[in-house]
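Let me begin by presenting the structure, written as structure tokens, before commenting on it.
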Amino acid sequence: MNKYQLRIATPDGNAYSGEAEMLALRGMEGDLAVLAGHIPFITAVRPGVCRVINGDDEREGEISGGMLCVGKDQVTLLADTFHWKESQN
């Protein structure tokens, strides 16, 4: 699967900066997933679960809301607050 650069930033600094295959979260119009090559857009993000998938690595975090900017080769999630969930393993 193709990858893109993802950055999750909060006022306290970067929560994530690296490659991703998919970002899944809740936008203002409902659930959405961003894959490589997605059409560029900007949307507000609702509070809830945020999933980052990169190969076999899948991580979940909690977001309190923010803005998502999808560009040609980079995706930026600006979050009010963001915390990774503990691993269930």
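The residue that is nearest to Leu68 (Cα to Cα), among those in the range 34-47 that are of a type outside the set (S, T, N, Q) and surrounded by 12 or more Cβ atoms within 10 Å (Cβ to Cβ), is Val45.
The residues of the range 50-89 that are more than 18 Å from Ala9 (Cβ to Cβ) and among the aliphatic types (A, V, I, L, M) amount to a single one, Ile53. Restricting attention to the range 1-55, the residues that are hydrophobic (A, V, I, L, M, F, W, C) and more than 11 Å from the chain's Cα centre (by Cα) add up to 7.
Quick one: which residue in Cys69, Cys50 is open to solvent by less than 70 Å² (accessible area, probe 1.4 Å), in contact with a Gly (Cβ under 6 Å, 6 or more places away or on another chain) and not in a loop (DSSP other than H, G, I, E, B)?
On the way: Cys69 fails: in contact with a Gly (Cβ under 6 Å, 6 or more places away or on another chain).
Answer to the check: Cys50.
Just to check your reading of the model, which residue among Glu58, Glu86, Glu62 is over 10 Å from the mean Cα position of the chain (by Cα) and outside any strand (DSSP E or B)?
None of the other options fit; the residue is Glu86.
Selection of the range 13-29 for residues being touching a Phe, Trp or Tyr at 6+ places or on another chain (Cβ under 9 Å), open to solvent by 20 Å² or more (accessible area, probe 1.4 Å) and either touching a residue at least 40 places away in the same chain (Cβ under 8 Å) or assigned to a strand (DSSP E or B) (or both) yields Ala15, Tyr16, Glu19.
The values are calculated or read from the model by the stated rules, or taken from the named source; none is laboratory data. This is a predicted model, so every value here is computed, not measured. A quick note on method: Cβ atoms are made from the backbone with ideal geometry, for glycine too, and the neighbour counts reach across all protein chains shown. Side chains are part of the model used for accessible areas, which takes the heavy atoms of the whole protein and leaves out ligands, DNA and RNA. Shrake-Rupley method; radii C 1.70, N 1.55, O 1.52, S 1.80 Å.
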